[in-house]
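Inspection log for the structure reproduced underneath, given as structure tokens.
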Amino acid sequence: MQDNLKIPVHVAIIMDGNGRWAKAQGKPRTFGHTEGAKRVADVTRAAGQMGIKYVTLYAFSTENWSRTAEEVGALMKLFRGYLKTCIKDADENNMRIRVIGDKTGLDPDIQEAIAHVEEHTAQYDGVTLTLAINYGGRDELTRAVRSIAASVKTGEISPDDITSDTISAHLDAPDIPDPDLMIRTCGEERISNFLLWELAYSELYFTDVAWPDFGPDELRLAVEAYTRRDRRFGGTNE
Ligand code: FPP
């Protein structure tokens, strides 16, 4: 199938199942997150090698703050660690790294690490990895609406000029094309407040494999399934 693969430009992934994966082995949930964090580099590198240009990973949702302080702390520690180690990986693999979500809700040192990584990798044009941290689709749209409303208030734009392009332009990464393929691991078949606007026409792929077991081979299976889909945009076949 290698030669006939249709490569999506942008793949978005809900990395689900770290907790269940760990529990199945009698380990704490945080062990699942630690193993899951290791897959981030593997899968992004494999995506780049396949010719995928953009990978967006749901790393921490606006709802995830309701988990125990211990689990939130462990996840933040993993982000801190990743934001350090990813620089070498980015240098070696021409990888650009970005973050979407409400960064103002993160600890100041994490905000600084994000700014540093985004600036350091800004010129890289291989694969772009976008991490969604403190991200919610409704929150992103709410912030976009607020920003548009402010422009209306100052008279910069009139309400009649607002189109769907205006809304897209006010989202967190307006220059990144919408995902062609959205993958969710570990059995649940929901969007869970991920990229609500951007996923409007994406193909959805669900697998029972938990995120810590999701590697390059699983990514290839998803792209093979995507290749078999007959994609239509608009018209009567949505
Ligand atoms: C869902 O599994 C996963 C998360 C809430 C966090 C995703 C984070 C990582 C993969 C690790 C860190 C990432 C980076 C970028 C370093 P879950 O805990 O909801 O699993 P469950 O549904 O089995 O409970």
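Taken together, the values in this text are just the output of simple stated rules run on the coordinates, not laboratory data. This one's a predicted model, so the numbers in the text were calculated from it and none came from an experiment. Ideal geometry is used to build each Cβ from the backbone, glycine not excepted, and the neighbour counts take in all protein chains shown.
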For the range 46-105, how many residues meet the condition of being within 11 Å of the ligand (Cβ to nearest atom), among the charged types (D, E, K, R) and either under 29 Å from His170 (Cα atoms) or free of Cβ contacts under 8 Å to residues at least 40 places away in the same chain (or both)? 5
Odd one out for Phe79, checked against (1) over 15 Å from Phe214 (Cα atoms); (2) in a strand (DSSP E or B): (2)
Only residues that are out of contact with any strand residue (DSSP E or B) (no Cβ under 7 Å at 6 or more places or on another chain), of a type in the set (A, V, I, L, M) and under 19 Å from Pro174 (Cα atoms): list them for the range 106-125, please. Ala115
For the list (1) within 22 Å of Leu106 (Cα to Cα); (2) assigned to a helix (DSSP H, G or I), I need the number of the one condition that Thr56 fails. (2)
Those residues of the range 122-159 which are of a type in the set (S, T, N, Q) and free of Cβ contacts under 8 Å to residues at least 40 places away in the same chain, in sequence order: Gln123, Thr142, Ser147, Ser151, Thr154, Ser158
Kindly indicate whether Trp21 is aromatic (Phe, Trp, Tyr), within 9 Å of the ligand (Cβ to nearest atom) and either loosely packed, with under 14 Cβ neighbours inside 10 Å or over 20 Å from Val99 (Cβ atoms) (or both). yes
Of the conditions (1) assigned to a helix (DSSP H, G or I); (2) polar (S, T, N, Q); (3) within 12 Å of the ligand (Cβ to nearest atom), Gln111 clears all except one; give me its number. (3)
Does the range 23-32 contain any residue that is closer than 18 Å to Asn93 by Cβ and among the hydrophobic types (A, V, I, L, M, F, W, C)? no
Could you tell me how many of the residues in the range 90-104 are more than 19 Å from Arg45 (Cβ to Cβ) and surrounded by fewer than 13 Cβ atoms within 10 Å (Cβ to Cβ)? 1
